[in-house]
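Trainee: Dumping the structure here so I can ask a few things about it.
The values are calculated or read from the model by the stated rules, or taken from the named source; none is laboratory data. It should be emphasised that the depicted structure is a prediction, and the values quoted were computed from it without experimental measurement. With ideal geometry, Cβ positions are generated from the backbone for all residues, glycine too; neighbour counts draw on all protein chains shown.
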Amino acid sequence: MSQQQFVLTLSCPDRPGIVSAVSTFLFANGQNILDAQQYSDTETGQFFMRVMFETPGATSELATVRAGFGVIAQPFGMVWQIRDRSTHQRVLLMVSKFDHCLVDILYRWRTGDLPMIPTAIVSNHPRETYDGLDFGGIPFHHLPITKETKPQQEAAVWKLVEDTKSDLVVLARYMQVLSQEFADKLSGRCINIHHSFLPGFKGAKPYHQAHERGVKLIGATAHYVTSALDEGPIIDQDVERISHRDAPEDLVRKGSDIERRVLGRAMRYHLEDRVILNGLKTVVFTD
């Protein structure tokens, strides 16, 4: 990244002049637009935009840029944010027994595919469950949970989120249902990978359900967590074709591969500010 770069994302009621106002502001303040994407939802009348821009040959104070843009945003009723691309988001990872998604996330983080700062790994299983897995110095927290201790356990997780100043929580096959109160606290900042191509085959053993029904496609879904189980806004999905020759074990194996790549993509889209909430849906500006 040769220059100081920022990303602006916004949504607002659609009307003429939005793109002109944004581009004119950036030009007048000495910024150079590198990439711009926009979308008008004709069903809801909402407008969405993502702009990546740089400050050539100089530096800009983020607070100054934000203050100036706030003046432009107010008449349009924009919901917006501007983030310095060099400042990585802080991510807390939660996992249960199956660690394939966690392993993949750590690999993508180490190779730079996921621009983030891992703040903690939280599991309802002890550290010994992951013998041989290198956490790279990321603090590990064993927080067991039962039906009776759920409020206390979630309070401890929330304290970790606050203490580590985590921007995002990722449920990397964390096989516990979050309470409504906890899910509401994490609204828009918690991503879950569901081992099914939603909205079908919810609940336990979705691959076995799919096998019993003789499906020809299996898949996985990454979505934002809400208080409604597996009903949050979808960020990314993928599928793989199967046949009558595949046993449930084959579906689990193939499904694990899908889960890894779908969660990895969803996390990268979020970390690169490519996802904007649109009611029960999302607008995803892919690269």
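Trainee: Among the residues of the stretch 57-94, write down those that are exposed (fewer than 13 other Cβ atoms within 10 Å of the Cβ) and among the charged types (D, E, K, R).
Mentor: Within the stretch 57-94, GLU61 is the sole residue that qualifies.
Trainee: Return the residues of the stretch 56-112 that are free of Cβ contacts under 8 Å to residues at least 60 places away in the same chain, assigned to a loop (DSSP other than H, G, I, E, B) and under 25 Å from the mean Cα position of the chain (by Cα); say none if nothing qualifies.
Mentor: THR87, THR111, GLY112 - these are the residues of the stretch 56-112 that are free of Cβ contacts under 8 Å to residues at least 60 places away in the same chain, assigned to a loop (DSSP other than H, G, I, E, B) and under 25 Å from the mean Cα position of the chain (by Cα).
Trainee: Evaluate the following for ALA172: is it surrounded by 21 or more Cβ atoms within 10 Å (Cβ to Cβ), at negative phi and aliphatic (A, V, I, L, M)?
Mentor: Judged against the criteria, ALA172 is a match.
Trainee: Could you give every pair whose Cβ atoms fall below 9 Å, whose first residue belongs to the stretch 128-153 and is outside the structural domain of HIS100 (by TED's automatic domain parsing) and surrounded by 12 or more Cβ atoms within 10 Å (Cβ to Cβ), and whose second residue is modelled with pLDDT of 95 or more and in a loop (DSSP other than H, G, I, E, B), counting only separations of at least 6 or pairs across chains?
Mentor: Every condition considered, no pair remains.
Trainee: Regarding HIS194, is this residue at pLDDT below 95, out of contact with any Ser or Thr (no Cβ under 8 Å at 6 or more places or on another chain) and buried (at least 20 other Cβ atoms within 10 Å of the Cβ)? First the steps, then the outcome.
Mentor: On the way: at pLDDT below 95: yes; out of contact with any Ser or Thr (no Cβ under 8 Å at 6 or more places or on another chain): no; buried (at least 20 other Cβ atoms within 10 Å of the Cβ): yes.
No; evaluated as a whole, the condition is false for this residue.
Trainee: Shifting gears a bit: Among the numbered criteria (1) more than 25 Å from ARG85 (Cβ to Cβ); (2) in contact (Cβ under 8 Å) with a residue 60 or more places away in the chain; (3) assigned to a strand (DSSP E or B), which one does THR221 miss?
Mentor: Among (1) more than 25 Å from ARG85 (Cβ to Cβ); (2) in contact (Cβ under 8 Å) with a residue 60 or more places away in the chain; (3) assigned to a strand (DSSP E or B), THR221 violates only (2).
Trainee: Looking only at the stretch 246-287, count every residue that is buried (at least 18 other Cβ atoms within 10 Å of the Cβ) and on the phi > 0 side of the Ramachandran plot and tell me the total.
Mentor: Counting residues in the stretch 246-287 that are buried (at least 18 other Cβ atoms within 10 Å of the Cβ) and on the phi > 0 side of the Ramachandran plot gives 1.
Trainee: Is there a residue being over 21 Å from ARG265 (Cβ atoms), in contact (Cβ under 8 Å) with a residue 60 or more places away in the chain and in contact with a helix residue (DSSP H, G or I) (Cβ under 9 Å, 6 or more places away or on another chain) anywhere in the stretch 155-166?
Mentor: yes
Trainee: Okay, moving on. Hey, among the residues in the stretch 1-26 that are assigned to a loop (DSSP other than H, G, I, E, B), more than 21 Å from TYR269 (Cβ to Cβ) and out of contact with any strand residue (DSSP E or B) (no Cβ under 6 Å at 6 or more places or on another chain), which one's modelled with the lowest pLDDT?
Mentor: Of all residues in the stretch 1-26, those assigned to a loop (DSSP other than H, G, I, E, B) come to 1-3, 14-17.
Then keep just the ones that are more than 21 Å from TYR269 (Cβ to Cβ); that gives 2-3, 14-17.
Applying the additional criterion that residues be out of contact with any strand residue (DSSP E or B) (no Cβ under 6 Å at 6 or more places or on another chain) yields 2, 15-17.
Numbers: SER2: 55, ARG15: 97, PRO16: 97, GLY17: 97.
Among them, the one singled out is SER2.
Trainee: If ASP273 meets every condition in (1) closer than 16 Å to LEU8 by Cα; (2) assigned to a strand (DSSP E or B) apart from one, which number is that one?
Mentor: Result: ASP273 passes all but (2).
Trainee: Take the residues of the stretch 198-207 that are out of contact with any strand residue (DSSP E or B) (no Cβ under 7 Å at 6 or more places or on another chain) and in a loop (DSSP other than H, G, I, E, B): which is modelled with the lowest pLDDT? Steps first, answer last, please.
Mentor: Residues of the stretch 198-207 that are out of contact with any strand residue (DSSP E or B) (no Cβ under 7 Å at 6 or more places or on another chain), as a first pass: 199-206.
Now narrow it down to the ones that are in a loop (DSSP other than H, G, I, E, B): 199-205.
On the way: PRO199: 53, GLY200: 65, PHE201: 62, LYS202: 64, GLY203: 67, ALA204: 73, LYS205: 80.
Taking the candidates together, the pick is PRO199.
Trainee: What strands (runs of 3 or more DSSP E) completely inside the stretch 125-197 contain at least 1 residues that are farther than 19 Å from LEU106 by Cβ?
Mentor: 190-194
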